[in-house]
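Just so it is clear, none of the values below were taken in a lab; they were calculated from the coordinates. From a predicted model like this one, the values you see are computed outputs, not experimental measurements. For neighbour counting, all protein chains shown are included, and Cβ atoms are generated from backbone atoms with ideal geometry for every residue, glycine included.
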Amino acid sequence: MPSPALTATDELLFSQDEAGIARIVLNRPQARNALTFGMYQGLIDLCGRIEADPSVRVLVITGAGDKAFAAGTDIAQFRTFETAQDALDYERFMDRVMGALERLRVPVIAAIAGACTGGGAAIAASCDLRIATRDARFGFPIARTLGNCLSLANLKRLSGLVGPARVKDMIFTARLVGAEEALAIGLVGEVVSDAEAVAARATALATLVAGHAPLTLRATKEGLRRLQEIDDAQGERPGDDLIRLCYTSADFREGMEAFLGKRAPDWTGR
């Protein structure tokens with residue numbers, strides 16, 4: 001029998017109802033739901049748990065509160081990075097997180113209120129359906145904050161939604177895309193008034209989807225994923241040189257310290 005309410009961790013809440021709707025709440029509202037490495041691992045673990053439970057028919061992911069879905073990775077954790085391999089391992093890890101959502105046999109709905117940036121936007125892009133509040137904002141403002149880069153998998157994922165030209169616009173200008181623009185370009189499928197409305201709409205949509213033929217949904221999701229799949233070869237991958245270029249640079253270290261110190265970074269291009 002499905003459990004009515006289970007807690008994965010204090011920062012990652014999990015529940016499941018009798019209708020087969022599972023819910024994950026990113027629960028760090030004091031930090032705009034910025035994700036720790038433990039939370040990312042928790043997402044992978046919960047995807048494994050859902051995959052093994054035939055009673056789950058759909059998953060809804062949301063952020064606690066109404067200020068943010070998720071404001072990306074907790075920047076303080078990057079202070080442990082010392083080598084190029086640290087950066088490559090991080091991006092491999094992130095690809096595992098996004099891949100776990102994309103490979104999940106059930107549809108995944110992102111219910112987005114407020115800021116949805118960085119790693120949070122990558123999670124949303126990995127979901128199958130996205131609903132947002134009117135005040136939601138999306139983007140990867142790394143060109144003015146950390147000076148790092150997106151992996152090729154994330155670039156491909158995002159460009160599959162909005163196209164390469166819009167990805168360049170978002171990254172190069174470091175601007176955040178508003179909800180109405182996100183709807184117009186296909187980044188989200190619906191826009192509703194506020195956090196209460198997005199929660200209600202997510203439940204209604206999840207209930208609808210949960211009542212449909214699960215094998216049809218599974219086959220459609222997996223078929224589309226295979227069309228977009230990047231080769232998962234071991235060792236050196238296309239784009240590894242770009243990850244090393246950014247994450248081992250003085251600019252990345254400067255961007256991180258400036259972000260944490262609440263000051264403007266001094267970019268040098270090195």
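Descriptive notes on the structure:
- For the chain, the share of DSSP beta bridges that are antiparallel, to the nearest 5, is 30%.
- Cα-based helix-to-principal-axis angle, 84-103 vs the chain, degrees rounded to 10: 20 degrees
- Part-to-part distance (alpha-carbon centres) for the range 68-89 and the range 115-176, which is given in Å: 17 Å
- Most fluctuating residue given options 73, 133, 173, as computed from a GNM of the chain linking Cα atoms under 10 Å: 173
- Angle between the chain longest axis and helix 37-51 axis [Cα atoms, degrees, rounded to 10]: 30 degrees
- The overall shape of the range 35-175, judged from the alpha-carbon gyration tensor, is oblate: a/c is not under 1.5, and a/b is no greater than b/c.
- The range 1-107 - percent relative contact order, Cα under 8 Å, separation 6 or more: 28 percent
- Overall form of the chain per C-alpha gyration tensor (a/c, 1.5; a/b vs b/c): prolate
- Put in order of Cβ neighbour count within 10 Å, fewest first, the listed residues 209, 188 become 209, 188.
- Long-range amide H partners of residue 34 with built H, under 5 Å: 71
- Charge tally in the Cβ shell below 15 Å around residue 194, where Lys, Arg are +1 and Asp, Glu are -1, residue 194 excluded: -1
- Antiparallel bridge percentage (DSSP; both residues within the range 111-192; nearest 5): 20 percent
- Prolate/oblate/rounded label for the range 154-256 (Cα gyration tensor, a/c 1.5): oblate
- Among 52, 115, 124: highest mean-square fluctuation, GNM of the chain, C-alpha pairs under 10 Å: 52
- Legend: calculated FRET efficiency, residue 270 to residue 194, from the Cβ-Cβ distance at R0 = 35 Å, rounded to 0.05, equals 0.20.
- Lone cysteines, the chain (no partner Cβ under 4.7 Å): 47, 116, 127
- On Cα atoms only, tilt of 214-228 relative to the major axis of the chain in degrees: 20 degrees
- Charge sum, other residues only, whose C-beta stays under 14 Å from residue 205's C-beta, Lys/Arg counted +1 and Asp/Glu -1: +2
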